[in-house]
Amino acid sequence: SDWSDPVQFTVEKDEGIFFEDFNGDLSKWNIIKEAYHTAEIRSDDGNPAPYIFLDDKLNYGILAISKRTFSFGAQEIEFSADMKQGDAAAGNQRSAHFKVCKSPTDKNAVIMLVVNGSTHSVTPNKVRGYVKVEDGSSEKWEEGPYVDLNPGDGWHHGKFRIKTDRRVEFYIDGKYLYTSTGTLPLAYSGKISVAVGDRKSFYDNIYVGPIT
C-alpha cells in the first residue's frame, strides 16, 4: 500500500536491554501509518497507565517499530510485552499483535504472537505464534497451534524467546505455548526490531534482553 504519512527514520543499533513503559514520548519508535491512523500514548488504561494505543481504522495496518535493533544466535534473547485487543468494527480484526520485524523501517514480520478476544468472529479466545523459518534457500511461515485463552479479552503478557539454535519459544501469561521446529534465518541477526500493532489494540511494558 501507499504509506502516505512518511516519517524521518533514524536507526539506533544497540545490543543491550530495551524497555518501554510509555512514560514519555514515542522517540524510541518508528510509527508506520496512514495519515488517518491513530498512534498515541494514553493514560486512561495500561498495566499500569500509561500505554500506547494504535488504531488503523480497518485499513492497511499500523505499527510501532523500535529504532533499536537486536542480535540473536550467540545467546538467548527474550521479547515480552503486555497486550490487549481492541473493539475493531470488523470482527476478524479484534486481536493484538506482538512482533519482531525485519528492520526498523520494514513492517514485514519474522515473529508474531497474536491474541484474539472473545468477540473475534473467526477464532475467539485464542492465542497463536508464528515464525518465518528457513526453507532451503527461501523462507516460509511456520504457524503454531491455536491455544485456548479464556478469556481472550483484557491485558495479557506475551513473550517469546529466540534460542541459541534459532528456534523460537512462545509463552502467554507465564504459560508455555510451543517451540518452532524451524529456525529463524541468521541473516536477520543484528537487523531485527521489536514491534507492536497492526489493528486496533493496546500495548505496555515492552522488554527485550536477557531471559528473565
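The values are calculated or read from the model by the stated rules, or taken from the named source; none is laboratory data. On a predicted model such as this, the values are computed, not experimentally measured, just so you know. Don't worry about glycine lacking a Cβ; one is built from the backbone with ideal geometry, like all the others, and counts go over all protein chains shown. Note: accessible area is taken over every heavy atom of the protein model, side chains too, but ligands, DNA and RNA are not part of it. Shrake-Rupley method; radii C 1.70, N 1.55, O 1.52, S 1.80 Å.
Note on segment 78-120: residues that are among the hydrophobic types (A, V, I, L, M, F, W, C) and farther than 15 Å from residue 156 by Cα total 8. If you check 59, 30 for being polar (S, T, N, Q) and either touching a strand residue (DSSP E or B) at 6+ places or on another chain (Cβ under 9 Å) or assigned to a strand (DSSP E or B) (or both), only one passes: 30.
Could we say that residue 173 is among the acidic types (Asp, Glu), open to solvent by 60 Å² or more (accessible area, probe 1.4 Å) and more than 27 Å from residue 26 (Cβ to Cβ) here? No; evaluated as a whole, the condition is false for this residue. Within segment 164-208, how many residues turn out to be within 13 Å of residue 111 (Cα to Cα), of a type in the set (D, E, K, R) and in a loop (DSSP other than H, G, I, E, B)? So the answer is 2. Is there any pair with a first residue in segment 83-106 that is farther than 17 Å from residue 38 by Cβ and open to solvent by 20 Å² or more (accessible area, probe 1.4 Å) and a second that is modelled with pLDDT of 90 or more and among the small types (Gly, Ala, Ser) whose Cβ atoms are under 6 Å apart and which are 6 or more apart or on different chains, and what are they? Sorted first by the residue in segment 83-106, then by its partner, the pairs are 92/121.
Scan segment 93-115 for residues that are part of a loop (DSSP other than H, G, I, E, B) and either touching a Phe, Trp or Tyr at 6+ places or on another chain (Cβ under 6 Å) or of a type in the set (Val, Ile, Thr) (or both) and the total you get is 1. For segment 161-170, the set of residues classified as surrounded by fewer than 18 Cβ atoms within 10 Å (Cβ to Cβ) and either without any contact (Cβ under 8 Å) to a residue 40 or more places away in the chain or in contact with a helix residue (DSSP H, G or I) (Cβ under 8 Å, 6 or more places away or on another chain) (or both) consists of 165, 167, listed by residue number. Considering 123, 69, which residue is part of a loop (DSSP other than H, G, I, E, B), open to solvent by less than 40 Å² (accessible area, probe 1.4 Å) and among the polar types (S, T, N, Q)? Sole residue among the options that is part of a loop (DSSP other than H, G, I, E, B), open to solvent by less than 40 Å² (accessible area, probe 1.4 Å) and among the polar types (S, T, N, Q): 123.
Looking at segment 126-153 only, could you name the residues that are in a loop (DSSP other than H, G, I, E, B) and open to solvent by 30 Å² or more (accessible area, probe 1.4 Å)?
Matches in segment 126-153: 136, 137, 145, 146, 150, 151, 153.
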